Every structure is written in structure tokens, then in C-alpha cells.
Amino acid sequence: MARLALVTGGARGLGAAISIALKDAGYRVVANDVNEESAKEFTAKTGIPVAIFDVSNFESTKAGIAKIVAENGGPIEILVNNAGITRDAPLHKMTPENWNAVINVNLTSMFNTTRNVIEGMREKGFGRIVNISSVNGQVGQFGQTNYSAAKAGVLGFTKAVAHEGAAKGITSNAICPGYINTEMVAKIAPEVLKTIVAKVPTGRLGEPSEIARTVVFLAADEAQYLNGATLSVNGALAMCG
């Protein structure tokens with residue numbers, strides 16, 4: 001039977017591209033989202049089921065993952081931690097609510113999901129964990145102390161899990177996308193986005209499919225020895241290992 005994959009935030013934007021790419025590669029895929037309307041539209045379009053639960057809440061995540069496992073007759077073997085939000089503001093104007101929202105969705109969710117799949121992976125002797133960080137977690141960004149802190153935390157989390165899981169056949173790797181052509185990036189003011197693209201040596205935004213292909217590569221059975229790595233996919237915007 002094909003391996004079972006869960007993609008958080010997997011019904012929209014970058015997550016949707018990842019879910020579709022994994023399905024096309026032969027995996028059984030369940031996407032996760034918190035928006036029921038988006039979930040229904042995505043399932044109708046792709047045939048990929050969507051599990052509705054809040055990855056920033058441990059108990060909601062625990063129940064959601066248990067239901068996925070029960071309905072699919074086996075453990076989740078591929079976990080893509082993709083869910084993320086932005087709440088941008090300079091630090092001197094940032095509210096505690098916007099700090100906590102971004103930290104909880106972008107970083108704490110990684111604990112919530114991974115903690116609830118790791119035992120199944122250990123028992124199976126196989127697991128692939130792919131965490132979506134960001135170039136701004138590597139180099140920082142004005143107005144994104146919350147987002148940059150969360151995405152930098154993802155990298156430390158990834159490496160620690162790699163150490164812990166390696167002996168059990170579990171890999172944990174991170175991808176740091178640059179500026180990708182998604183709804184989130186589309187919200188950037190056009191004059192600001194133009195300035196950003198001008199700094200990208202490749203001369204354009206990345207496409208969601210380019211990140212999705214990287215996820216498929218890391219999810220493969222054959223990717224066993226690639227563990228604890230950070231792959232920068234940013235058009236040479238920042239050359240960080």
C-alpha cells in the first residue's frame with residue numbers, strides 16, 4: 001500500500017501544490033486546513049481529502065491525526081509541516097496577539113503535529129518529516145520579527161528531530177523557500193514586491209511547483225541519508241546552507 005502523507009495547510013497556496021505533487025508521485029495524501037469552504041473546494045478539484053483541525057492547538061491536532069490514522073488503516077509516514085501565517089509589523093508596533101499567533105501557527109504547530117506522528121513512525125521504522133521554513137528565517141526581514149523568529153526556530157527543531165529519529169529510519173529536513181508566487185506574497189504592496197524581485201538573481205518569483213518537487217524528493221524512500229539538512233530554494237537570493 002502507498003505511504004500515507006499529511007500536509008498541513010495543504011488545501012491552499014504552497015500547501016496545495018505540495019499535496020497535489022505528492023498525490024501525483026503515488027502517495028496517499030491527506031491535506032489539513034482550518035477553512036471548511038476551502039477544504040471542500042480543494043477536495044472537489046483534486047480528490048484529495050482534507051482534515052479540518054487547528055494545528056496550533058495540541059488537542060485539536062491530536063484528535064485530527066488520530067482520525068486520519070483510523071480512517072486510513074495505518075500511521076502517517078510522511079509529514080509536511082507547511083501551515084503558516086504572517087502578521088507583519090515593526091517590533092515597536094507589534095502586539096502580543098500578533099506575536100503569539102505567528103509563533104503558535106508557524107512553530108508550535110510543528111511540535112503539535114510531529115509529536116502526534118513520531119511514535120507511529122518509530123514503530124514503523126520509517127518516517128519523512130519535511131518542515132517548510134523561509135529565507136526570512138535565515139536572514140531576517142524588516143517587520144517580521146515574529147515570522148523570522150518562528151521560521152528560524154523551525155530550523156533548530158528540524159535538526160534536533162533528525163538526531164532523535166535517525167536510528168529509527170526517520171529523516172527530518174527543512175526547506176527555506178524564497179519569495180514564491182502565492183496568495184501570501186501577492187498581498188505585498190506592488191512597489192515593495194518589485195524591489196524584492198529586483199534583488200533575486202534569478203529575476204523572478206519562485207513557483208509553488210518548484211517547492212513541491214523538493215518536498216517529493218525529500219519524501220522518497222531513497223532519501224534516507226539526507227537528514228537534518230536545510231535546502232534553500234530561493235533563486236540565489238540568499239546562499240545559506
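The values are calculated or read from the model by the stated rules, or taken from the named source; none is laboratory data. Quantities reported herein were computed from a predicted structural model and do not represent experimental measurements. Cβ coordinates were reconstructed from backbone atoms using ideal geometry, including for glycine residues, and neighbour counts include every protein chain displayed.
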For the stretch 10-115, give me every one of the helices (runs of 4 or more DSSP H) that falls completely inside it and has 3 or more residues that are under 13 Å from the mean Cα position of the chain (by Cα).
13-24, 109-115
Selected residue (criterion: nearest to Ser148 (Cα to Cα)) from residues of the stretch 66-84 that are surrounded by 22 or more Cβ atoms within 10 Å (Cβ to Cβ) and not acidic (Asp, Glu):
Gly84
Looking at the stretch 87-129 only, could you name the residues that are crowded, with 16+ Cβ neighbours inside 10 Å and either charged (D, E, K, R) or modelled with pLDDT under 95 (or both)?
Arg87, Asp88, Arg122, Lys124, Arg128
Restricting the stretch 19-30 to residues that are of a type in the set (A, V, I, L, M) and surrounded by 21 or more Cβ atoms within 10 Å (Cβ to Cβ), the one nearest to Ala219 (Cα to Cα) turns out to be Leu22
If we keep only residues of the stretch 134-184 that are charged (D, E, K, R) and at pLDDT 95 or above, then the residue farthest from Pro75 (Cα to Cα) is Lys151
Filtering the stretch 204-220 down to residues that are of a type in the set (A, V, I, L, M) and not in a loop (DSSP other than H, G, I, E, B) yields Ile211, Ala212, Val215, Val216, Leu218, Ala219
Do we find that Asp33 is more than 21 Å from Gly120 (Cα to Cα) and crowded, with 21+ Cβ neighbours inside 10 Å in this structure?
yes
Only one residue in Gly15, Gly47, Gly64 is free of Cβ contacts under 8 Å to residues at least 60 places away in the same chain, small (Gly, Ala, Ser) and closer than 21 Å to Arg213 by Cα. Which one?
Gly47
Pairs, please: C-beta under 7 Å, at least 6 apart or cross-chain, first residue among the small types (Gly, Ala, Ser) and in the stretch 148-160, second part of a helix (DSSP H, G or I) and crowded, with 19+ Cβ neighbours inside 10 Å?
Ser148/Asn136; Ser148/Gly137; Ala150/Val102; Ala150/Asn106; Ala150/Leu107; Ala152/Gly137; Gly153/Leu107
Asn100, sole failed condition from (1) without any contact (Cβ under 8 Å) to a residue 40 or more places away in the chain; (2) within 28 Å of Phe126 (Cβ to Cβ)
(2)
